[in-house]
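Remarks on the structure that follows.
The values are calculated or read from the model by the stated rules, or taken from the named source; none is laboratory data. Since we're looking at a predicted model, the values are computed, not measured. Don't worry about glycine lacking a Cβ; one is built from the backbone with ideal geometry, like all the others, and counts go over all protein chains shown.
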Amino acid sequence: MPFTLAWASLRRHGTRTLLAMLGVAVAAAMLLDMVMMSTGMRESFRRLLVSRGFQLRLAPKGTLPFDTDATIKHTRRALVQLRRNPDLTAVSAVLGGTIHVPRNGRVITSSALGLDPRVQGDYELLAGTDPIAPNAIVGNEEFIRETGTRIGDTLTVATGYDSQTREYLGSRTFVLTGRVRFLYGAARQRAAAMPLETMWKMSGRDRQDEASLFMIRVREGVNLDSAIQWIKMQNLNSTVISTESALAQIDERLRYFRQLAVILGIVSLFVGFLLVTTLITVSVNERVGEIAVMRALGVSRSHIVEQIVLEGMAISLVGAFAGLLLGLVTGRYLNGILSSFPGLPEAIDFFLFQPKAAWTALGLLALSGIAAGVYPSLRASSLPIATTLRQEAIA
Amino acid sequence: MILPLLLVALVQAPQRTIAIDERLAVDAKLAVGDKVILSAATPASPTGDTVIVGAIVKRSTDPAEVARSEIRIRLHLDHLQSLAAYGDRVDRFAVATRGEAATEQAIDVINSAAFGFQAHRSKDIAVATSKTFQVVSRFHKAIGVITIVASAIFLLCIMLLKVEERRRDVAALRLMGISRQSVMRAVVIEAALLALVGSGLGVGVGWVGSQFVNWYFRGVYRTPLAFSVVTPSIVTLAVVLSLVLGIAAGFLASLRLVRTPPLILFGR
Amino acid sequence: MTSIESAKPGAKGIGLREVPSVVEARRLTRDYSFGKELVHALCGVSFDVPAGDYVAIVGPSGCGKSTLLNLLGAIDRPTSGSVVINGTDVARMIDREATSFRLRNIGFVFQRFYLMPTLSARENVELPMAEAGISKTDRLSRAKELLTYVGLGHRERHRPSELSGGEQQRVAIARALSNRPAILLADEPTGELDARTGAEIIALFGQLNRDGTTLIVVTHDEELASAANRKIHMRDGLIVDG
């Protein structure tokens, strides 16, 4: 009977109930989005970092990977040193740079990576083959489209543009061997990759035998801290960055968004609670006469509280589920805005749906719906029956 | 005796001074007059120069610096060129002109005459480098829109409740002969007043919140940048929007009420 | 004021037989305080209602009739005195006990019907049975039986807003009878009804009493009062006659 009465009561003022559910849905959507944002960025970045199995990165001392133009010198020697350790199952050196492709009367500029295609964690091959040969190059969709090339085509690529002399340091002919997706590439960013040795040859004396970054894969079961200690002892004038420390750095940089997410999340929860409380309170106040009659008939206080709490829960739960769907949509939209941060890897999602966090948030909202109904119903069911009936008669 | 001393004085070059960023001064506990060694670790200067901290510079309100933990040191140009073995080179020139016409003329002259130079307007560079903040701004606007939608629904719900609470009063008025328009006008005026008072309170809360945000993030990022600004145009927008939403909510709620026959409002 | 104890049997059909009293009220008082003012609504009322009796409590407005009925129905507590219904003193019960007692032993009919507007006639009758834990099947059949008894078997699915005043009151009477109470209390049951409809309700009450229901009604309606077996007259919080 409490279910019947609760349902009947909600239907009695259909418009009001629908509006309240809609309001809760928007609050729930916002709450879900904020929960997704507060945990999603970190998780998304973590997944990206471990996607190819490289647990450690070496960056020039005091910097983050590709944060500055600084490089690690004596790369060949460093590779030999690092590969001597059997616990390090893969070591990949990467050098970042800029290339220029003269094409049909214009010059297309693109970022480029010099790497060892046999041991790399920067791209995913979508079509064709890896750039094994010295004159092989692979590019992403934007690079291929802008240069108007197809797999198998030759193209001239230059590096080291000097604005003073308007000349290039190095220029050679490449064969496009594959189409790739760069894992750390920003959206709509043109990018290509070639063998590291080739990059060195094209970059002039300044960048010979240098790397922007080393990526290291550690054998499973090996203690990461001991691996880090060993690497530090090799004196490579670099900073060792584990996945955890990289995440900590990202946390620091994105602290604003996490704090915003917490604040807006709390506000959303509060607004949802306030809406349901207001509605239930007004609804109960309108029905004190009915409640007194039910008490007079012998309906217990707990059953009256149960009925009213059910009403609050129904509004919150329906609103929460609608908010879940709405939140996924608005999350996608907000993610689209934030994903256009310059230089942000395309693979990073600010709003990542993680079931546990989402259900926790929506559970909180449902609980708030319950709490919203408790006080007004306890108050109404405790009113003296005779007095209330008389007052209702007078009113 | 005097001559050798003069010669020593001439030969011994005075120590160069640098200006350091206030964050470095705090982190490294440096003060004006302290000596530090500055090194670019180049073949020209493998051990570095001993310099004196001549000034501590306040951080600028440059948003691009906010999330970065790098520090800035200012040196005399020739000093940096020799320290970094940069030679007689610079990264850029900054040019001040007398007015817009002079700026355009200068750009034309420089780009056509100077080999390997490209002149840019400062505001164009500012636009190009502020893409990050444009993204943040768009994000804030989107959050703002969602908040407004939620508030509008909340407002409509509350107005509906308020108006329905008084349905018997409205029924009595209608039975007495008061017109629908009069009833609606009264409700809309009430809603508008509520919206005005509410928006006034909201502006106050928003201003206090803004002060708190600035105080907090200035402390976190150690910058004088203003993160949140309440401007007259923002206040105007908030008040106007509240009024519009409040009046709309009052109108819709009262319309529902006056369309219902009075006897039904009485519950008969 | 001194209390007047009244122990007269009913005028019709009760006589001097030893009939167990369903209701025994002893020296009931009820005071209300409004700020500094203390109002004595009841000043020491005592009477008995034997099983199967039909009693009308009459008197001018403000004499304490409804207050007395509320005490008998355990929806209010006396300042002093006792109310024993079917051997149980309800005056000293805590709220939870009184609620449960009302559910199973007392049926209430109000002047303004007080049906749940969102429930159908049948659901309104089922409400007390559902609270008492009666199974869906049993309460469904009993609700139909009661609605048929009051002449509304064909209107069970209608909401109160779709029923006339008299029909609503009949549904309210059916609801009051749903848990087979020991007594049926009615507070001005014809107060909101026209003469013709009121007469129907009066006739229904008569039928209920003939079928064995113990009735106590509070009324201004002379016709309703006349239909009862005996009248208890009240004035100024006291029984003056009956």
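Here are a few things to note about the model shown:
- Looking only at the stretch B:113-138, residues that are outside any helix (DSSP H, G or I) and more than 30 Å from B:LEU225 (Cβ to Cβ) come to 4 in all.
- Test: residue in the stretch C:155-172 that is of a type in the set (A, V, I, L, M), over 16 Å from C:GLN111 (Cβ atoms), within 14 Å of chain A (Cβ to nearest Cβ) and part of a helix (DSSP H, G or I): no
- Between B:LYS131, B:LYS141, the distinction of being at pLDDT below 85 and of a type in the set (Lys, Arg) belongs to B:LYS131 only.
- If you go through the stretch C:183-208 and pick out every residue that is surrounded by fewer than 20 Cβ atoms within 10 Å (Cβ to Cβ) and more than 20 Å from C:SER164 (Cβ to Cβ), you end up with 1.
- Positions within the stretch C:173-191 being part of a helix (DSSP H, G or I), hydrophobic (A, V, I, L, M, F, W, C) and in contact (Cβ under 8 Å) with a residue 60 or more places away in the chain, in sequence order: C:ILE173, C:ALA176, C:LEU177
- Looking across the stretch B:199-241, the residues that are away from every other protein chain (no Cβ under 14 Å), assigned to a helix (DSSP H, G or I) and touching a residue at least 40 places away in the same chain (Cβ under 8 Å) come down to B:SER199, B:VAL239, B:LEU241.
- For the stretch A:85-141, a residue qualifies if it is out of contact with any strand residue (DSSP E or B) (no Cβ under 9 Å at 6 or more places or on another chain) and farther than 28 Å from A:VAL218 by Cα, and the qualifying residues are A:ASN104, A:GLY105, A:ARG106.
Condition check ((1) part of a loop (DSSP other than H, G, I, E, B); (2) under 14 Å from C:ALA25 (Cβ atoms); (3) touching an Asp or Glu at 6+ places or on another chain (Cβ under 7 Å)) across all residues:
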residue: C:LEU69; (1), (2), (3): no, yes, yes
residue: C:ARG77; (1), (2), (3): yes, yes, no
residue: C:ALA98; (1), (2), (3): no, no, no
residue: C:LEU103; (1), (2), (3): no, no, yes
residue: C:LEU115; (1), (2), (3): yes, no, no
residue: C:LEU127; (1), (2), (3): no, no, no
residue: C:GLY133; (1), (2), (3): yes, no, no
residue: C:ASP138; (1), (2), (3): no, no, no
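- Flag if B:ALA248 is surrounded by 16 or more Cβ atoms within 10 Å (Cβ to Cβ), within 14 Å of another protein chain (Cβ to nearest Cβ) and either closer than 30 Å to B:ARG168 by Cβ or touching a residue at least 40 places away in the same chain (Cβ under 8 Å) (or both): yes
- Residue within the stretch B:154-163 that is more than 14 Å from chain A (Cβ to nearest Cβ) and more than 22 Å from B:PHE133 (Cβ to Cβ) present: no
- Criterion: within 9 Å of chain A (Cβ to nearest Cβ), surrounded by 15 or more Cβ atoms within 10 Å (Cβ to Cβ) and out of contact with any strand residue (DSSP E or B) (no Cβ under 7 Å at 6 or more places or on another chain) - qualifying residue of C:LEU152, C:LEU115, C:LEU147, C:LEU140: C:LEU115
- Scanning the stretch A:244-297 for residues that are of a type in the set (Lys, Arg) and in contact (Cβ under 8 Å) with a residue 40 or more places away in the chain yields a total of 3.
- Contact map, the stretch C:152-169: residues that are in contact (Cβ under 8 Å) with a residue 24 or more places away in the chain paired with residues that are among the hydroxyl-bearing types (Ser, Thr, Tyr) and not in a helix (DSSP H, G or I), Cβ distance under 7 Å, separation 6+ or inter-chain. Pairs shown: C:GLU156/C:SER120; C:ARG157/C:SER120; C:HIS158/C:SER120; C:ARG159/C:SER120.
- Lone qualifier among A:ALA6, A:ALA29, A:ALA59, A:ALA25 - being buried (at least 17 other Cβ atoms within 10 Å of the Cβ) and out of contact with any helix residue (DSSP H, G or I) (no Cβ under 9 Å at 6 or more places or on another chain): A:ALA59
- The residues of the stretch C:89-109 that are over 18 Å from C:VAL217 (Cβ atoms) and within 11 Å of chain A (Cβ to nearest Cβ), listed by number, are C:ASP95, C:ARG96, C:GLU97, C:ALA98, C:THR99, C:SER100, C:PHE101, C:LEU103, C:ARG104.
- Residue within the stretch B:105-112 that is of a type in the set (Ser, Thr, Tyr), at pLDDT below 85 and either surrounded by 12 or more Cβ atoms within 10 Å (Cβ to Cβ) or not in a helix (DSSP H, G or I) (or both) present: no
- Wholly enclosed helices (runs of 4 or more DSSP H) of the stretch A:1-96 bearing at least 1 residues modelled with pLDDT under 85 and among the β-branched types (Val, Ile, Thr): A:2-12, A:14-50
- Residue in the stretch B:127-142 that is farthest from the chain's Cα centre (by Cα), counting only those that are within 7 Å of chain A (Cβ to nearest Cβ) and free of Cβ contacts under 8 Å to residues at least 60 places away in the same chain: B:ALA142
- Pairs are defined by a Cβ separation below 9 Å, a sequence spacing of at least 6 or placement on different chains, a first member in the stretch A:218-230 that is at negative phi, and a second member that is of a type in the set (Gly, Ala, Ser) and part of a helix (DSSP H, G or I); the pairs so defined are A:VAL218/A:ALA227; A:ARG219/A:ALA227.
- Residue match in the stretch A:109-123 (condition: modelled with pLDDT under 95, crowded, with 19+ Cβ neighbours inside 10 Å and in a helix (DSSP H, G or I)): yes
Condition check ((1) under 24 Å from A:THR63 (Cβ atoms); (2) modelled with pLDDT of 85 or more; (3) away from chain B (no Cβ under 14 Å); (4) touching a strand residue (DSSP E or B) at 6+ places or on another chain (Cβ under 6 Å)) across all residues:
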site: A:GLY178; (1), (2), (3), (4): no, yes, yes, yes
site: A:ALA191; (1), (2), (3), (4): yes, yes, yes, yes
site: A:ARG205; (1), (2), (3), (4): yes, no, no, no
site: A:SER212; (1), (2), (3), (4): yes, yes, yes, yes
site: A:ALA227; (1), (2), (3), (4): yes, yes, yes, yes
site: A:GLU244; (1), (2), (3), (4): yes, yes, yes, no
site: A:ALA248; (1), (2), (3), (4): yes, yes, no, no
site: A:ALA261; (1), (2), (3), (4): no, yes, no, no
site: A:LEU264; (1), (2), (3), (4): no, yes, no, no
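- The lone exception for A:ARG83 - which of (1) more than 28 Å from A:ARG179 (Cβ to Cβ); (2) away from chain C (no Cβ under 14 Å); (3) in contact with a helix residue (DSSP H, G or I) (Cβ under 8 Å, 6 or more places away or on another chain) it fails: (3)
- Wholly within the stretch A:159-241, strands (runs of 3 or more DSSP E) carrying at least 3 residues that are more than 22 Å from A:LEU49 (Cα to Cα): A:167-182
- A residue that is within 14 Å of another protein chain (Cβ to nearest Cβ) and among the charged types (D, E, K, R) can be found somewhere in the stretch A:326-343.
- Pick from the stretch A:288-309, criterion at the interface with chain C (Cβ under 10 Å from one of its Cβ atoms) and surrounded by fewer than 20 Cβ atoms within 10 Å (Cβ to Cβ), ranking: modelled with the lowest pLDDT: A:GLY289
- Flag: C:ASP221 matches the condition of being acidic (Asp, Glu), modelled with pLDDT under 90 and crowded, with 20+ Cβ neighbours inside 10 Å.
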